[in-house]
Amino acid sequence: TAAVLRGHERPPLVFWIMSGIGAAVTVAFAAFTSGGLGGFSWPDLLLLGAVVAGAIGYAEGGLLARDLGSWQVISWALVVAAPLMVLLTSIAMIEEPPAASAVQWAAFAYLGVVSMFLGFFAWYRGLAIGPMTRVSQIQLVQPVLTIAWAALLLGENLTWPTIVGGLAVVLCAGVTVRTRAGTRSASRSRPRTVSPNS
């Protein structure tokens, strides 16, 4: 929705249908595992707010990457966020000093440098190439892969609702990614300048 509103893309009806089914499956799975829709609480609303903020940020980042380049977008985002993040991190470290094993610090470093920095080079490049509505659907597969890797590497228990819900989300994302007609955006249809650094 953020990509449609900001990027002026016009995905076909099948995209919206499959996106809606995928969203409904996700909500149904969350409700099933938390004891019903009445089980949603303040943290769930905060998570939903984070998802909305992330969607807006990705759409804006995808548009910026068309002019600035992918690695420049994530780098500038970190520069802009640094003052607030340094302040919040300092407060958190004073209240509770970090303690972790060498393996845990290595995992933290990997997540910070590879997943949350270098990974965004490719992510914003993909969004810039677009259409963003289709490219963004790949993100829906990430939680399913997280669950699968947790089962394989950490021995997490997979229930049938988890497996069925995960397969449904992957199927819906796959169909939306493959939709073709009507996804050309108005902003992509006019000539644009590309930075030599991109």
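Results, tabulated for the structure shown:
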| read-out | value |
| --- | --- |
| Most mobile listed residue (Ser19, Ser70, Ser41) in the chain, GNM with C-alpha springs under 10 Å | Ser41 |
| Separation in nanometres of the label points that stand 7 Å from Cα toward Cβ, at Val52 and Asp67 | 2.7 |
| Label-to-label distance, nm, for residues given as Phe108 and Ile163 (7 Å Cα→Cβ offset) | 3.7 |
| Candidates Tyr124, Tyr110, Tyr58, ranked by Gaussian network fluctuation over the chain, Cα under 10 Å, top entry | Tyr110 |
| Length gained when the stretch Val141-Leu13 is fully extended (0.36 nm per residue, less Cα-Cα span) | 44.0 nm |
| Gyration tensor (alpha-carbon) shape descriptor, region 3-87, a/c threshold 1.5 | oblate |
| Cβ-Cβ FRET estimate between Phe117 and Leu152, R0 fixed at 25 Å, reported to 0.05 | 0.50 |
| 5 Å-binned pair-distance histogram of the chain (Cα, whole percent) | 1, 6, 11, 15, 17, 16, 15, 11, 5, 2, 0 |
| Whole-Hz couplings from phi, Karplus 6.51/-1.76/1.60, listed for region 153-169; x for Gly and Pro | 8, 10, x, 4, 7, 9, 9, 4, x, 5, 5, 5, x, x, 5, 5, 5 |
| Most mobile listed residue (Leu153, Leu13, Leu48) in the chain, GNM with C-alpha springs under 10 Å | Leu153 |
| Extension gain (nm, one decimal) between Ala28 and Val86, 0.36 nm per residue minus Cα-Cα | 17.1 nm |
| 3J(HN,Hα) from dihedral phi, region 44-59, Karplus parametrisation 6.51/-1.76/1.60, rounded to Hz, x for glycine, proline | 5, 5, 5, 5, 4, x, 5, 5, 5, 4, x, 4, 5, x, 5, 5 |
| Neighbourhood charge, 12 Å Cβ-Cβ cut-off, centred on Ser136 and excluding it, Lys, Arg +1 and Asp, Glu -1 | +1 |
| Of every Cα-Cα pair in region 59-169, the percent that sits beyond 22 Å | 53 |
| Test item: Cα-centred dipole of the chain, Lys/Arg +1 and Asp/Glu -1 on Cβ, debye | 1140 |
| Positive-pole candidate from Val80, Ile56, Ser115, dipole of region 1-117, charges at beta carbon | Ile56 |
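Read the figures in this text as sums done on the coordinates, not as results from a lab. Since we're looking at a predicted model, the values are computed, not measured. Note that each Cβ is placed from the backbone with ideal geometry, even for glycine, and that neighbours are counted across all protein chains shown.
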